[in-house]
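Here is the structure we will look at, set down as structure tokens.
No value in this document is a laboratory result; all are computed from the given coordinates. Owing to the predicted nature of the structure, the values given are computational and were not obtained by experimental measurement. Virtual Cβ from ideal backbone geometry, glycine too; neighbours counted across all protein chains shown.
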Amino acid sequence: MVLGTYKDAISAKATDKSIQEVSQDGGIVTALLSYALDEKIIEGAVVAGPTEEMFKPEPVVALTSDEIISAAGTKYTFSPNVWALKVAVRQYGLEKVGTVAIPCQLMGIRKMQSYPFSTRFLADKIKFVVGIFCMENFPYASLETFVNEKLHSSMDVTLKMDIGKGKFWAYTDEGNLSIPLKETHGYEQAGCNICKDYTAELADVSTGSVGSPDGWSTVLKRTDNGSSIFDKAVEAGVIETKPIDSVKPGLGLLEKLSDGKKSKAADEIKKRVEMGLPVPF
Ligand SMILES: Cc1cc2nc3c(=O)[nH]c(=O)nc-3n(C[C@H](O)[C@H](O)[C@H](O)COP(=O)(O)OP(=O)(O)OC[C@H]3O[C@@H](n4cnc5c(N)ncnc54)[C@H](O)[C@@H]3O)c2cc1C
Ligand code: SF4
């Protein structure tokens, strides 16, 4: 299946206004991790927390909903959340940990759980992983290039970054600025060109903006555990939902983009193999 294995696809958004104000899309990551914390399904969550430079994240072990909320929003650069899982268990002593992860990080987490040779102390303590869709990721310096040189603005006045409708966007104090994605190609991390997973296929629950209207998120319920936490959050009124086939552009666009990413990566892998370059597949 082009979207991986899932039980159900839904369009959804957090009902809490304080989450809606700061979240990237429908606030599903923040709402689910906060709900899991409040219900003691997890004791803490590793999230991509803010630093003095707003779009240069560092992983944080959040122990309260407020800390989870303050990490909301997408930073289009690497946040080594997997590394901080060890911190959550070893330094914070957590027995039940949640986290948010992009697809490549999920591959690391699931591999570590399948072969926990030196990570037995950690593998079975990861109780809930929310995956986010990911087409590509950039070095922080590239984000600075987009904002400073291509958009002639500054990180200091940038409030939010987004990728959508074929463009890279910076929402700033001076207005909403954008460049076509063809101008950002070439800046992405080299590994992204051979990455076949768009929709975080190994997550408990995956979510992203593609497929749903602005302010809403597309959600794929994957594991029994993830489905159960999501359903309970809906029952508790933390999340509201709409059938995915009642919204535009719908699941078809997500399938198309996921399929495109897999074929493009397969072509690049073939090319690299032919050149004698190593590929991790
Ligand atoms: C590099 C990247 C590329 C993406 N590309 C796409 C795409 O092509 N299509 C699409 O539909 N969605 C994409 N997304 C996901 C999208 O931008 C939102 O993160 C997702 O829809 C969740 O929104 P939300 O409102 O539920 O999350 P929020 O409630 O706003 O929470 C976002 C959560 O993500 C965490 N986070 C932020 N940045 C990172 C990071 N770099 N690494 C790990 N965790 C992070 C935050 O700590 C927070 O917990 C991408 C995300 C990233 C990080
Ligand atoms: S495209 Fe793949 S390799 Fe690149 S950051 Fe996203 S998940 Fe990781």
Hey, residue 65 hits all of (1) touching a residue at least 12 places away in the same chain (Cβ under 8 Å); (2) surrounded by fewer than 19 Cβ atoms within 10 Å (Cβ to Cβ); (3) not hydrophobic (A, V, I, L, M, F, W, C) but one; which does it fall short on?
(2)
Those residues of segment 10-55 that are within 16 Å of ligand 2 (Cβ to nearest atom) and in contact with a Lys or Arg (Cβ under 7 Å, 6 or more places away or on another chain) come to a total of 2
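Residues being of a type in the set (A, V, I, L, M) and under 17 Å from residue 228 (Cα atoms): count how many of those fall in segment 1-30.
Initially, segment 1-30 is screened for residues of a type in the set (A, V, I, L, M), giving 1-3, 9-10, 12, 14, 19, 22, 28-29.
Still in the list and also under 17 Å from residue 228 (Cα atoms): 9-10, 12, 14, 28-29.
The qualifying residues number 6.
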With (1) among the basic types (Lys, Arg); (2) more than 16 Å from ligand 2 (Cβ to nearest atom); (3) in a loop (DSSP other than H, G, I, E, B) as the list, and residue 196 as the residue in question, which single condition is left unmet?
(2)
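Do you know which of the residues in segment 192-207 that are within 12 Å of ligand 1 (Cβ to nearest atom) and closer than 16 Å to residue 262 by Cβ is surrounded by the fewest Cβ atoms within 10 Å (Cβ to Cβ)? Show your work before the answer.
At the first step, the residues of segment 192-207 found to be within 12 Å of ligand 1 (Cβ to nearest atom) are 192, 195, 197-200, 203, 205-207.
Checking which are closer than 16 Å to residue 262 by Cβ leaves us with 192, 195, 197-200, 206.
On the way: 192: 17, 195: 23, 197: 22, 198: 25, 199: 30, 200: 29, 206: 31.
Ranking the qualifying residues of segment 192-207, first place goes to 192.
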Across segment 1-33, the tally of residues that are in a helix (DSSP H, G or I) and free of Cβ contacts under 8 Å to residues at least 60 places away in the same chain stands at 6
